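Notes to accompany the following structure.
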Amino acid sequence: MSFLKRIELNNYRNFQYFENDFCSNCNIFFGNNGTGKTNILESISLFDKGSGIRNDKLKNIIKFKNNYFLNNAIFCIGDEDYNVKVLSE
């Protein structure tokens, strides 16, 4: 079985810093409009096809007035953990 175990975002869209641990069964995001729920889903989608669900250029994902973003994830595949990063400057 494989699943996303953890994600950390730096300067990603409206997040200065965000981290979250996921469980292997079910994860639910809820909150007010504009709080970043879709941003979290988009950050996960970057690991699939590289451009996110909005198909934005990577430079458009960088938080306003910053020079880079870092999307760091830990995927659990079987008994092994894999650390994968997406960095844009």
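Of all the listed residues (37, 85, 5), the sole one being charged (D, E, K, R) and in contact (Cβ under 8 Å) with a residue 40 or more places away in the chain is 5.
Candidates in segment 35-52 are the residues that are under 19 Å from residue 20 (Cα atoms) and outside any helix (DSSP H, G or I); of these, the one that is modelled with the lowest pLDDT is 52. The residue that is surrounded by the most Cβ atoms within 10 Å (Cβ to Cβ), counting only those in segment 1-52 that are of a type in the set (Phe, Trp, Tyr) and either within 15 Å of residue 83 (Cβ to Cβ) or in contact with a Ser or Thr (Cβ under 8 Å, 6 or more places away or on another chain) (or both), is 12. Residues that are modelled with pLDDT under 90, closer than 22 Å to residue 22 by Cβ and open to solvent by 40 Å² or more (accessible area, probe 1.4 Å) were ranked within segment 53-89; the one that is farthest from the chain's Cα centre (by Cα) is 54. Screening residue 6 on (1) modelled with pLDDT under 95; (2) more than 21 Å from residue 66 (Cβ to Cβ) shows it passes everything except condition (1).
If you check 2, 43, which single one turns out to be over 10 Å from the mean Cα position of the chain (by Cα) and of a type in the set (Gly, Ala, Ser)? Before the answer, list the steps.
On the way: 43 fails: over 10 Å from the mean Cα position of the chain (by Cα).
Exactly one residue qualifies, and that residue is 2.
The values are calculated or read from the model by the stated rules, or taken from the named source; none is laboratory data. Given the structure is predicted, the values throughout are model-derived calculations rather than measurements. No Cβ is skipped: glycine too gets one built from the backbone with ideal geometry, and neighbour counts run over all protein chains shown. Calculation scope for accessible area: heavy atoms of the full protein, side chains included, ligands and nucleic acids excluded. Shrake-Rupley method; radii C 1.70, N 1.55, O 1.52, S 1.80 Å.
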